[in-house]
Amino acid sequence: MRSDITARPWTASQAGEAACFASMNEGVVPTSAWVKPAAQCSGSLGRRWRSTELCETGISREDAVRVTRERTDGLGNGEFVSFGDFDADAARLFLTDTPASLIIEDGQSQALGPRRALHTNIRNLRPSLHWRADHALDLLSFVIPRAAVERWSEDVGLRTPEGLHRLSDAPTSDEVIAGFGRAILPCLDRPEVAPRLFVDQALHTVCTYLIRTFGGSRQPPEHKGGLAPWQERRAKEMIAANLDNQLSLQALAAECRLSISHFTKAFKKTLGQSPHQWLLERRVEHARTLLMTTHLPLSEVANTCGFSDQSHFSRTFVKHAGWSPGAWRRAHADSVI
């Protein structure tokens, strides 16, 4: 097990793509989320342990890339949290400073050193693991099952890596993983209104980054072509017909007869933006039409256009139109029927 692995930097364009997620999580609507049972924790700790999770859609939970936030705000009095026994690796981002603690891995005790906020390590989830909850914890984990690694490798035509190199007990600072964490954290605060396309796209991209950086995989072949005219037309039709954000990235890619990796690259090559960004623009377009041609309250416009609430609608509208919805409507009052 290597403990000297450090994250290899992405190119400027790749880092920029990761960073852009932070500005894309407005205007959210329902998607699937799961709350892990408190039975994973022993004793009274189970009542204080909070865990929320978002997965790729259209893929079984066991095979899907997912992100989990796990928190406890009090000491566990020597109680243990059990996890592992799962064919996967996890990139773990510590959201607060964390003191030294103890973990039992397949019956062997290991001391864990202190962690700084926004530091990362890679944890092998295959052994049976038991963490002693001696302190409060706020932890974000991107879980990459073996099945997801195999699926990614098949999509890009590369050999499947054996696994992710583990950073052992020496956390490192990884700005890309921290950027993904900051971007997706609001979705975990309100998982019931997380935007499906955004979550799917973020999890696919973080999976690509982790496999390439820690899996020893070489650069996938560059796909320079965009969508064929029929693929572009069908993708636009599907997105426009699903402004409520119930459309998954997998469904879009399948309709265009492409893998998710190829579809996301080809879509951006053709339209200059991600599927989620294109969806936001269509929702703002539809909102403009409703504001100009109806007397619907702003809250109803927000709901009709697929925004979770008026606040999300207003933030997204200002970003794209430069005006608040109310100001834009007043400026175009002469056009209202």
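In table form, for the structure just shown:
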| item | result |
| --- | --- |
| Efficiency of FRET from Cβ geometry, Thr293 and Arg233, R₀ 25 Å, rounded to 0.05 | 0.45 |
| Cα gyration tensor of the range 177-294 - equivalent ellipsoid semi-axes, whole Å, descending | 26, 20, 11 |
| Gain in span if fully extended, His332 to Gln108, counting 0.36 nm per residue against the direct Cα distance | 73.7 nm |
| Extreme residue, positive dipole direction of the range 194-337, given options Thr213, Leu298, Ala266 (C-beta unit charges) | Thr213 |
| For Ser248, Ser311, order by how many other beta-carbon atoms lie within 10 Å, fewest first | Ser311, Ser248 |
| Amide N proximity, the range 266-290 versus Glu255 label position 7 Å along Cα-to-Cβ, cut-off under 15 Å | 267, 275-280, 282-283 |
| Segment Ser173-Ala240, length gained on full extension (0.36 nm per residue, minus Cα span) | 20.1 nm |
| Viscosity 1.567 mPa s, temperature 4 °C, Stokes-Einstein D of the range 51-135 from Kirkwood C-alpha radius, µm²/s | 92 µm²/s |
| Overall Cα dimensions of the range 229-272, principal axis frame, Å, largest first | 24, 17, 17 |
| Ratio of Rg to Rh over the range 93-242 (Cα coordinates, Kirkwood Rh, two decimals) | 1.04 |
| Alpha-carbon Debye profile of the range 277-335, log10 I(q)/I(0) at 0.14, 0.26, 0.30 Å⁻¹ | -0.30, -1.09, -1.45 |
| Two-site label geometry, Ala136 and Ala117: point separation in nm, points 7 Å out along Cα→Cβ | 1.1 nm |
| The range 141-150 - phi-based ³J(HN,Hα) in whole Hz, Karplus 6.51/-1.76/1.60, Gly and Pro as x | 10, 9, 9, 10, x, 4, 4, 5, 5, 5 |
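Every number in this text was worked out from the coordinates using simple rules, so none of it is lab data. Worth saying up front: this structure is predicted, and the values here are computed from it rather than measured. A quick note on method: Cβ atoms are made from the backbone with ideal geometry, for glycine too, and the neighbour counts reach across all protein chains shown.
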